[in-house]
Amino acid sequence: MKAQAVRIHETGGPEVLRVEEVEVPVPAAGEVRIRQTAIGVNFTDTYNRTGLYKQKLPIVLGHEAAGIVEAIGEGVQGLKEGDRVAYAGGPIGAYATARNYPAERLVPLPDWIDDQTAASVLLKGMTAEYLLLRTFPVQKGDWILVHAAAGATGGIVCQWAKFLGAHVIGTVGHAGKVPVAEANGAEKVVVTAQENWPAQARDFTDGVGADTFEGSLKTLRMRGLLVSFGSASGPVPPFPLSKLNDMGSLYATRPKLWDYVAQRKELMESAAALFDVVHRGAVKATIAKTFPLAEAAEAHRAIESRAITGSIILLP
């Protein structure tokens, strides 16, 4: 069958995104075909588009979507035609009206969550889950610093951390985003445009990338942990391990979601934990804007503008 997809043949700005017709073959063994109803736009998509994260071209972008199972390949169990499902992670190729996807990487959707909400929260929410529950298991009373606290992922991290009983210091790029970060659960908010923001954060007691790395280290207590999970301002440059020693025997890690949901059991547990806090109302997914699939370039311009304080969804 034929489908519409957004594909790139070269890396670059949003203008390299092209809407093309692609062939979706009969699902192979272990795969299902999904008619996609909502597609999540994430910063990692822009990394693939620019070449920061290398991919063999040409390629259809996108890591997250929700939809309906339309066809089932040989050997697939536990799914049937008409089931509502979602996914977050590889293989890349979500920017399409339909696609084939490995059945074992699909998450069945509960009846109470709609497709757009699922597509807006799964990748960001499971990222928050592994950061807060497994990379550093946050306990009641802990103080944590969350960058981009008014953004889609940072906002979910803040809400979930508050639910866990942590004290959250949030950072934002400018003063206009302070109320959003506070609404997300940040007790204290620091504006990183101010030169002394690390000192301000320390007085109260990494998802942005290069722009905040050095400052983030300066906010940590002795033997503190820095978790760098994004590169919105570019990759963190190499630094000597001795710096961690000099600044108080610090720890630093650069995790990614895929390594925390590598096994199906991990994937299902992470999704279940996320759906639980969303169902309880502890975490609210905010959809800032929707775009038709054909306007994926505009969606990329919107997310890269840093003006968005919620999720962006493409509608096939």
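Each of the peptides 113-123, 252-262, 27-37 was scored by the mean count of other Cβ atoms within 10 Å over its residues; in descending order, highest first, they stand as 113-123, 27-37, 252-262. From the alpha carbon centroid of the range 231-283 to that of the range 48-96 is 22 Å. Relative protection proxy for 45-54, 132-141, from highest mean packing down: 45-54, 132-141 (other beta-carbon atoms within 10 angstrom). Backbone amide hydrogens, once placed in the peptide plane, bring ILE59 within less than 5 Å of ILE8, excluding anything fewer than 5 places away on its chain. Rounded to the nearest 20 debye, the dipole size of the chain about its Cα centre is 560 debye, using +1 on the Cβ of Lys and Arg and -1 on the Cβ of Asp and Glu.
Around ASP259, with a cut-off of 11 angstrom between Cβ atoms, what is the net charge of the other residues, counting Lys and Arg +1 and Asp and Glu -1? Neighbour charge sum, excluding ASP259 itself: +2. Computed over the range 140-254, the quotient of the alpha carbon radius of gyration and 2.2 N^0.38 Å is 0.99. Beyond 31 Å in Cα-Cα separation lie the following of the pairs LYS177/LYS256; LYS140/LYS284; LYS218/LYS289; LYS162/LYS265: LYS218/LYS289. Near THR286, the amide H atoms lying under 5 Å from its own belong to SER311; only residues 5 or more places off or on other chains count, and H is placed 1.01 Å from N. Of all aspartates and glutamates in the structure, the ones whose alpha carbon falls short of 17 Å from that of LYS56, not counting any fewer than 8 places away in one chain, are GLU10, ASP45.
Taken together, the values in this text are just the output of simple stated rules run on the coordinates, not laboratory data. Because the structure is a prediction, the values reported are computed rather than measured. When we count neighbours, we look across all protein chains shown, and the Cβ atoms used for this are built from the backbone with ideal geometry, even at glycine.
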